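The values are calculated or read from the model by the stated rules, or taken from the named source; none is laboratory data. Since the model is a prediction, treat every value here as computed from it, not as a measurement. Here Cβ is always computed from backbone atoms with ideal geometry, including for glycine, and neighbour counts include all displayed protein chains. All accessible areas refer to the heavy atoms of the entire protein, side chains included, with ligands and DNA or RNA removed. Shrake-Rupley method; radii C 1.70, N 1.55, O 1.52, S 1.80 Å.
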Amino acid sequence: MTYHLAGDSTVAACPPEEAPMSGWGAFLGEHVDAPVVNRAVGGGTTESCLRDVWPALLDGVADGDTVLLQFGHNDQKQPLTLGARGGYTRRLRRMVEAVHARGGRAVLCTSVERRRFREGRLVPSHGDYPDAVRDLAAELCVPLIDLQGFTAWWYEDLGEAASAGLFCHLAPGESARWPEGLRDDTHFRAAGARRIAAFVGRGLRGIERRDGHLPAAGDPRAEPAVDRPGAAAGAAGPTGPLMTTAPRTEHP
């Protein structure tokens, strides 16, 4: 199984000369147990993805693969052709349906939020685009990772000052790429991108039901066998679904 990523610069792996700037997709491999193919590109929209990236991405999707889609930052700059309830969601729908036709799983992601505060409160910057993705996920019955909701909470929980450390706020001389410094409240430093990747990885574990086989805390079946009455070595007792002893096979 392989994870395929399509999206914009907040997902993309930035070139070395742009360090410490990075999208979260560059670090997803640290939080999943399968290969990651990151085809997100800076400035990407649903339209440019379908034109320039999608054919190669889809050609690499095998049965059982997962494709994560996160757009919106740049689509919202083209409201006439890529409106939240128009061209944007129509193109996302095409991608989801194409992934399903290949036997893969599509996962929709709302856009990570920008860091914009007013009087100590975060100001959402994506308009109706996150809700359009939430509604599309519900309509198509596909999994959703709500990065807009998570990041909005995260920045506000950290506060205006502390949340700046997640983003590319660079002092003059800190980076050869931006010798005069940079104040960017859209793109992350590697540390911020890593934290979002960890959230996405945990979200994928839930989507894939990776932990449901583990017994619940407090369930006596989760305790070591020697801690249960009548479970001493060689003692006879009832068997259950968590017993690992192979059933006895009677031979004629």
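If you go through the range 131-151 and keep only what is at negative phi, open to solvent by 20 Å² or more (accessible area, probe 1.4 Å) and hydrophobic (A, V, I, L, M, F, W, C), you end up with ALA138, LEU140, LEU144, PHE150. Taken over the range 160-191, the residue count meeting the criterion of being in a helix (DSSP H, G or I) and either within 19 Å of VAL123 (Cα to Cα) or in contact with a Cys (Cβ under 7 Å, 6 or more places away or on another chain) (or both) is 7. Before we move on, is GLY72 touching a Ser or Thr at 6+ places or on another chain (Cβ under 7 Å) and more than 30 Å from ALA161 (Cα to Cα)? No, not satisfied. Answer yes or no: is there a residue in the range 149-162 that is in contact with a Leu (Cβ under 9 Å, 6 or more places away or on another chain), in contact (Cβ under 8 Å) with a residue 24 or more places away in the chain and acidic (Asp, Glu). Yes - at least one qualifying residue is present in the range 149-162. Filter the range 100-130 down to residues that are in a helix (DSSP H, G or I) and open to solvent by less than 70 Å² (accessible area, probe 1.4 Å) and give me whichever is nearest to ALA84 (Cα to Cα). Ranking the qualifying residues of the range 100-130, first place goes to TYR129.
Pairs are defined by a Cβ separation below 7 Å, a sequence spacing of at least 6 or placement on different chains, a first member in the range 117-134 that is touching a residue at least 40 places away in the same chain (Cβ under 8 Å), and a second member that is among the polar types (S, T, N, Q) and open to solvent by 60 Å² or more (accessible area, probe 1.4 Å); no pair meets this definition. Selection of the range 11-43 for residues being modelled with pLDDT of 95 or more and charged (D, E, K, R) yields GLU30, ASP33, ARG39. Listed by position, the strands (runs of 3 or more DSSP E) contained in the range 2-98 that have at least 3 residues being open to solvent by 10 Å² or more (accessible area, probe 1.4 Å), touching a strand residue (DSSP E or B) at 6+ places or on another chain (Cβ under 9 Å) and not charged (D, E, K, R) are 36-38.
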